[in-house]
Structures are given as structure tokens and as C-alpha cells.
Amino acid sequence: GQSLIGASKAVFDTDATGQPVLRLNLDFDRAWATVSQALDNAGVAITDLDRTERVFYIELPQEVLTGEPVKKGLFGWRRNRDLLPLQILLVPGIEGGFQVSAVDAAAVAIESSQAREVLNLIREYAI
């Protein structure tokens, strides 16, 4: 696999509402696979997904959103009882590619700093 960061294929940006997004300069199949692999590599619990709607339903430990250190990996995170349900959305970009965003379980924007933490996690583990 080619590193997204090294190839400048994953870039932080903001959407029309000012929320942080991670722009992936990839076609849908590669963008979907990249996000899926990044979540898996990070040990994030994917509770459901809908490829047609371009949504991953995940659960993250509260610490990820507060910036506190957490034990990475599937087993460390699954022991944590303070899991927050979130959605990771892939939205077609205006200039091609896809914008990845993080919202709460009801598809409502979360605090910008929290969304950026989630997107940074995806970017870090997208290799």
C-alpha cells in the first residue's frame, strides 16, 4: 500500500459549514477502502456500515474525543465502557475525490476539535 500522507492524497480542509473534513483525492472504491482500512488498523469498532449511503457507524472511546491518551487497539478500546457512537461520512467533493467527516449518531455535527481528532485518527492509520 502507498502512504496517503506521503502522496498528499489526504488533506485537512473545512466544509461549507466550517466543520473539519479530510479530503481524499481518490475515487469512491479507494476512498471507502482507505477509511475502512484506517478504522481497522486503529482498532475502531465498526458497528455497521452502509456503502450505498457512504456511512460507517463506529464507536470510539470518549478519551479519543478529549485528547486523553488511550490504549490503542481493539482489545484496549473494547474494554472501555464510555464508547460514543459516531458516523463517518464520505461525501463527494466539489473538485473530485471525497470529503470524510465525523458526526454524531444522529448525523449532527460534533464539536470541531472532536471531529478533527477523529479525522486525524483516520489519517494517521491510513497507510
- [ ] Say whether the condition of being surrounded by 14 or more Cβ atoms within 10 Å (Cβ to Cβ) and not in a helix (DSSP H, G or I) is met by at least one residue in segment 112-124.
- [x] no
Open item on the list: Tell me yes or no: at least one residue of segment 74-97 is over 10 Å from the mean Cα position of the chain (by Cα), at pLDDT 95 or above, outside any strand (DSSP E or B) and surrounded by fewer than 17 Cβ atoms within 10 Å (Cβ to Cβ).
Closed with: no
Task: Which numbered condition residue 46 fails, given (1) within 16 Å of residue 121 (Cβ to Cβ); (2) of a type outside the set (Ser, Thr, Tyr); (3) outside any strand (DSSP E or B); (4) open to solvent by 50 Å² or more (accessible area, probe 1.4 Å) - done: (3)
Task: Filtered residue count, segment 6-33, keeping only those that are at pLDDT below 95, open to solvent by 40 Å² or more (accessible area, probe 1.4 Å), under 15 Å from the mean Cα position of the chain (by Cα) and of a type in the set (A, V, I, L, M) - done: 1
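The values are calculated or read from the model by the stated rules, or taken from the named source; none is laboratory data. These numbers were taken from a predicted model, which means no experiment stands behind them. Note that each Cβ is placed from the backbone with ideal geometry, even for glycine, and that neighbours are counted across all protein chains shown. Side chains are part of the model used for accessible areas, which takes the heavy atoms of the whole protein and leaves out ligands, DNA and RNA. Shrake-Rupley method; radii C 1.70, N 1.55, O 1.52, S 1.80 Å.
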